[in-house]
Amino acid sequence: MKLMRSALASLLLLIATGVVAHEYEQGGLHIDHPWSRPAPPMAVNGSAYLVINNHGNTDDVLLSAESPVSERVEIHTHVMDGDMMKMRQLDNLPVPAGEAVTLAPGGHHLMLMGLKQAPKEGDRFPLTLNFEQAGEVEVEISVDATAPEPVKMAHDEGHHHH
């Protein structure tokens, strides 16, 4: 009994400190660390980030997303237009078999358009990702001022070739 209490206390401590992985799986897709930055109280838009790993043998495509915290969710990316970085909406986002696609600040991301309430530090909210092959994948977005370490590392690795 004492061992079980100790194990439970350790698990609760890990959860409280955010060490427990924040990931989801469906089909061949593995979704890591869905997160969002806090938004100012009067913000009308926000963004969400995550890493999509396609461990399957079939390409997939992120078709859309939705969340009850916003009127709509759009898939966006950043592109250079001359010497200006501009945001551009994408119709979808391919997720090739055997590869990872990182949605992170400064790259691909999900725009939460028409926020109904600004996400605050420590909040969590649901987001549904709609894939061509894997179907609907429900995730929970964790609101944090800084990117989770695996997302930072994946984003940095993805930009070595630039």
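The values are calculated or read from the model by the stated rules, or taken from the named source; none is laboratory data. Keep in mind that this is a model prediction, so the values were computed, not measured. Neighbour counts run over all protein chains shown; Cβ positions are idealised from the backbone, glycine included.
Couple of notes before you dig in:
- Glu71 vs. criteria over 21 Å from Thr146 (Cβ atoms) and touching a Ser or Thr at 6+ places or on another chain (Cβ under 7 Å): no
- Flag for Asn54 being at pLDDT 95 or above, farther than 20 Å from Pro126 by Cβ and not aromatic (Phe, Trp, Tyr): yes
- Single residue of the range 33-45 satisfying the filter (part of a strand (DSSP E or B) and at pLDDT 95 or above) that is surrounded by the fewest Cβ atoms within 10 Å (Cβ to Cβ): Asn45
- Pair list, Cβ < 6 Å and 6+ apart or interchain, from the range 40-51 residues that are farther than 14 Å from Ser67 by Cα and in contact (Cβ under 8 Å) with a residue 24 or more places away in the chain to residues that are of a type in the set (S, T, N, Q) and surrounded by 14 or more Cβ atoms within 10 Å (Cβ to Cβ): Val51/Thr102
- Unmet criterion (only one of (1) in a strand (DSSP E or B); (2) in contact with a Pro (Cβ under 7 Å, 6 or more places away or on another chain); (3) within 20 Å of Pro40 (Cβ to Cβ)) for Lys120: (1)
- Filtering the range 124-144 to residues that are over 13 Å from the mean Cα position of the chain (by Cα), part of a loop (DSSP other than H, G, I, E, B) and buried (at least 16 other Cβ atoms within 10 Å of the Cβ) leaves Gln133, Ala134.
Residues are listed down the side, and each one gets a yes or a no for (1) out of contact with any Pro (no Cβ under 8 Å at 6 or more places or on another chain); (2) at pLDDT below 95:
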| site | (1), (2) |
| --- | --- |
| Glu25 | yes, yes |
| Leu50 | no, no |
| Ala65 | yes, no |
| Glu71 | yes, no |
| Glu74 | yes, no |
| Met84 | yes, yes |
| Pro105 | yes, yes |
| Met113 | yes, no |
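- Search result, residues across the range 76-120 that are in contact with a Lys or Arg (Cβ under 6 Å, 6 or more places away or on another chain) and in contact (Cβ under 8 Å) with a residue 40 or more places away in the chain: Met113
- Restricting the range 46-91 to residues that are assigned to a loop (DSSP other than H, G, I, E, B) and β-branched (Val, Ile, Thr) leaves a set whose member that is farthest from the chain's Cα centre (by Cα) is Thr58.
- Tally, over the range 54-66, of residues that are more than 15 Å from Asn130 (Cα to Cα) and surrounded by 15 or more Cβ atoms within 10 Å (Cβ to Cβ): 1
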